[in-house]
């Protein structure tokens, strides 16, 4: 076989492989996170980030399957790049840009708030984020390997706040706050309000603290592995942007 034929054969094999891979469904990895991601009685996933993700993947004609997966395992799978996966509702930061492809935004959060015990006098509505971070008597509870957005991540890193990290999800973290094992946790108001409406936390033991200088809410995206092609990301982006475009008035 000549060199030119060998090159052509290799190119054909590579193209065939990429086409075969493109035909595989994308595994859409998610963890239960009301009101962003909620598995309904019918098995369908709905919510503030689930709905636009499902609509965009369908409109982009990309076969996909929703798979319930703990958040830490999602990142590990993305780093290993074992196949066609997308993570739902993740903030964009430089570290994650190194291991995956981000789509256009699915949803933009309201400004961040904090969850604290109702009668904790160290908190008041409208206080500053720096004031909370600067209180040496307070212990901040944070999710391990989690981003709270570029600006808040930077404020936390620059402060001397005491931190307790956990792999627990929001419900377990809220229990820890209520039990006095930590002073507070940063949380999106959307999540906190959903949590406080639940039967377990209706007793009024926890309160949502809003900040006067809270950073603007972050955008949440699909974060996909390198095996989801740039062309597929483009189609997803187009579908998301069409969904977000203002509709003309009659």
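The values are calculated or read from the model by the stated rules, or taken from the named source; none is laboratory data. Keep in mind the model is a prediction, meaning the values are calculated, not measured. Please note: Cβ atoms are built from the backbone with ideal geometry, for glycine as well, and neighbour counts cover all protein chains shown.
What number of residues in segment 107-129 are in a strand (DSSP E or B) and closer than 20 Å to residue 146 by Cα?
Of the residues in segment 107-129, 6 are in a strand (DSSP E or B) and closer than 20 Å to residue 146 by Cα.
Only one of 53, 16 is modelled with pLDDT of 95 or more, within 19 Å of residue 84 (Cβ to Cβ) and either touching a strand residue (DSSP E or B) at 6+ places or on another chain (Cβ under 7 Å) or not assigned by TED's automatic domain parsing to the domain that holds residue 87 (or both). Can you tell me which?
53
Out of segment 75-106, which residues are part of a helix (DSSP H, G or I) and surrounded by fewer than 17 Cβ atoms within 10 Å (Cβ to Cβ)?
Selection gives 76, 79, 80, 94, 95, 97.
Going by what's in this entry, would residue 38 be described as within 15 Å of the chain's Cα centre (by Cα), modelled with pLDDT of 95 or more and either farther than 25 Å from residue 194 by Cα or assigned to a strand (DSSP E or B) (or both)?
yes
Based on this model, can you work out whether residue 212 counts as under 16 Å from the mean Cα position of the chain (by Cα) and surrounded by fewer than 19 Cβ atoms within 10 Å (Cβ to Cβ)?
So residue 212 does not fit the description; no.
Out of (1) within 15 Å of residue 185 (Cβ to Cβ); (2) free of Cβ contacts under 8 Å to residues at least 24 places away in the same chain, the odd one out for residue 163 is which?
(2)
Take residue 157 and tell me if it is part of a helix (DSSP H, G or I), without any contact (Cβ under 8 Å) to a residue 12 or more places away in the chain and closer than 22 Å to residue 70 by Cα.
Spelling it out, it is not the case that residue 157 is part of a helix (DSSP H, G or I), without any contact (Cβ under 8 Å) to a residue 12 or more places away in the chain and closer than 22 Å to residue 70 by Cα.
Considering 124, 162, 130, 178, which residue is surrounded by 15 or more Cβ atoms within 10 Å (Cβ to Cβ), over 17 Å from the mean Cα position of the chain (by Cα) and either over 19 Å from residue 218 (Cβ atoms) or modelled with pLDDT of 95 or more (or both)?
It is 178.
Looking at segment 186-208, can you tell me whether even one residue there is at pLDDT below 95 and in a strand (DSSP E or B)?
So far as segment 186-208 goes, no, none of its residues is at pLDDT below 95 and in a strand (DSSP E or B).
Against the definition (assigned to a helix (DSSP H, G or I), in the same structural domain as residue 153 (by TED's automatic domain parsing) and at pLDDT 95 or above), how does residue 238 come out, yes or no?
It is false that residue 238 is assigned to a helix (DSSP H, G or I), in the same structural domain as residue 153 (by TED's automatic domain parsing) and at pLDDT 95 or above.
Looking at the structure I just gave you, is residue 146 surrounded by 14 or more Cβ atoms within 10 Å (Cβ to Cβ) and part of a loop (DSSP other than H, G, I, E, B)?
Judged against the criteria, residue 146 is a match.
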